[in-house]
Amino acid sequence: MYTTLPLLLIGLSGAVGLMGQPTAVNGFLLAPKDSILLTVDNGQKMIHHIVKPKQTLFSLAKYYGLSLEELYALHPEFQTDPALRTGSLIGIPIPNRAIRRYKGTNFDPAKFAPIYYVVQPGDNLYQICKRHFSMPVDSIKARNNLHHEQIKPGQLLHIGWMGLEGILAEWRTSAVAPTTDQAHQLRFDEEKKARKEVISQGVCFWQRDSNEKGDLYALHREAKIGTVMAVNNPMSRRTVFAKVIGRIPVGYAGNIEVVLSPAAARQIGARDPRFFVKIRFLK
C-alpha cells in the first residue's frame, strides 16, 4: 500500500489497499471500501485512521466523538504542529458500542466500513473472540474462512463493522487517557529482564519525504514482534525506543538492518534516508 500510507500497515498486514480510498462519501471521513485496522493496548481498543486530503483536526475529533483537548492528549505533537498530512496515521480509541459485530436485519453495506483486528504476539483465537469482542469462536472462524484456530502475528481478522457516520461522543463512558513516548523505554527495560538482549549495528532506512506524524515503530528481521527496541544514531548521540510491529518487507536491500517510522527517525536526528545506527533488540 505504500507510497502514501505509513509503514505500520505493511508491517501489520502485508496487504495492499487498506483504507486506500482518497475521498470520503457523503462528507464522512471513511468510505465503505476502507478497511479499519484495530488493535487492543492495555485493554483499550484502538483504530488506526489514515488521514485523507482536506481532513482537519477539528473534523477528525468531531467524527470520532472526541474533543480537541482529548485529541491533543492522545497526540501531543498536534499542539505544536496542528497540520494533518495526507497518509499520516492517527490512533483513535473506539468504544464497544461503535463496533457492530453482526449484520442483523436491514444491513446496508454502503453505510459501514469493515473492522479488522490485527493479531498480536501471544494472541489466541479464544482470547480475541471472548475477551476482546464477546463473540463465539465459531462466528469469527466462519467470517474469516478459518479451518482451524491457529493464528499468527500480523494476521487480519474481520470482526465487525463501523458506521460511516462516525462515533457519538455520548458513546464514550470516560475521558480518553493520554499516551507518552516514555512508555516505550519503560517497557524495554522491563522486557529485557526476561528476554535475550542482542546488540547489532547497520543501516537504517526511513521515508524522509513522508510527513507522517505517527507513532514510534520499527520493522526488523529478527527482533521479537511486539517488543521494543533501542535505536541509537551515533552522529546525533540520540536514542529512540520504538515498538517492533513487523518484519522488513521483501524488496529492501539486504544491508538494511532496521526500518524506522518517520517519527522515530526524526527523533534521533536522521537527515539522510539511509544512515548508520546501533541497535539493541530483544529475542
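The values are calculated or read from the model by the stated rules, or taken from the named source; none is laboratory data. Values in this document were obtained by computation on a predicted structure and should not be read as measured data. Here Cβ is always computed from backbone atoms with ideal geometry, including for glycine, and neighbour counts include all displayed protein chains.
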Residue pairs, Cβ under 9 Å, 6 or more apart or interchain, first in region 125-138 and over 14 Å from Lys45 (Cβ atoms), second assigned to a loop (DSSP other than H, G, I, E, B) and of a type in the set (D, E, K, R). List them. Leu125/Glu149; Tyr126/Glu149; Val137/Glu149
Read through the list (1) exposed (fewer than 14 other Cβ atoms within 10 Å of the Cβ); (2) farther than 18 Å from Tyr117 by Cβ, then give the number of the only condition that Ser88 fails. (1)
Result of the Cβ filter at 6 Å on region 47-59, keeping first residues that are assigned by TED's automatic domain parsing to the domain that holds Phe28 and partners that are at pLDDT 90 or above and not in a loop (DSSP other than H, G, I, E, B), at least 6 apart or interchain, is Ile47/Ile36; Ile47/Leu38; Ile47/Ile92; His48/Leu37; His49/Ile92
Looking across region 160-180 at residues that are part of a loop (DSSP other than H, G, I, E, B) and surrounded by 16 or more Cβ atoms within 10 Å (Cβ to Cβ), the single one that is modelled with the lowest pLDDT is Thr179
Which pairs do you get when a residue that is on the phi > 0 side of the Ramachandran plot, found in region 184-212, comes within reach of a residue that is not in a strand (DSSP E or B), reach meaning Cβ atoms under 7 angstrom, with the pair 6+ apart or on two chains? Gly202/Asn255
Could you count how many residues in region 221-239 are in a strand (DSSP E or B) and either at pLDDT below 90 or out of contact with any helix residue (DSSP H, G or I) (no Cβ under 9 Å at 6 or more places or on another chain) (or both)? 3
When the residues of region 233-255 are filtered to those that are touching a residue at least 60 places away in the same chain (Cβ under 8 Å) and not β-branched (Val, Ile, Thr), which remaining residue is surrounded by the fewest Cβ atoms within 10 Å (Cβ to Cβ)? Pro249
Keeping to region 39-73, report how many residues are under 28 Å from Gln120 (Cβ atoms), in contact with a Pro (Cβ under 6 Å, 6 or more places away or on another chain) and in a helix (DSSP H, G or I). 1
Looking at (1) under 28 Å from Leu71 (Cα atoms); (2) of a type in the set (A, V, I, L, M); (3) not in a loop (DSSP other than H, G, I, E, B), find the lone condition where Ala270 falls short. (3)
Which one is farthest from Lys243 (Cα to Cα), of the residues in region 29-45 that are buried (at least 17 other Cβ atoms within 10 Å of the Cβ) and of a type outside the set (Val, Ile, Thr)? Ala31
For region 110-142, enumerate the residues that are surrounded by 12 or more Cβ atoms within 10 Å (Cβ to Cβ) and of a type in the set (A, V, I, L, M, F, W, C). Phe112, Ala113, Ile115, Val118, Val119, Leu125, Ile128, Cys129, Phe133, Met135, Val137, Ile140
Mind telling me which of the residues Pro249, Pro262 ends up being in contact with a Leu (Cβ under 8 Å, 6 or more places away or on another chain) and at pLDDT below 90? Pro249
Scan (1) at pLDDT below 80; (2) over 24 Å from Val119 (Cβ atoms) for the single condition Lys62 breaks and write down its number. (1)
Mind checking which residues of region 89-110 are of a type in the set (D, E, K, R) and either part of a loop (DSSP other than H, G, I, E, B) or at pLDDT 95 or above (or both)? Arg100, Arg101, Lys103, Asp108
Just one of (1) at pLDDT below 90; (2) over 27 Å from Gln155 (Cβ atoms); (3) not hydrophobic (A, V, I, L, M, F, W, C); (4) not in a helix (DSSP H, G or I) trips up Thr3, so point out which. (2)
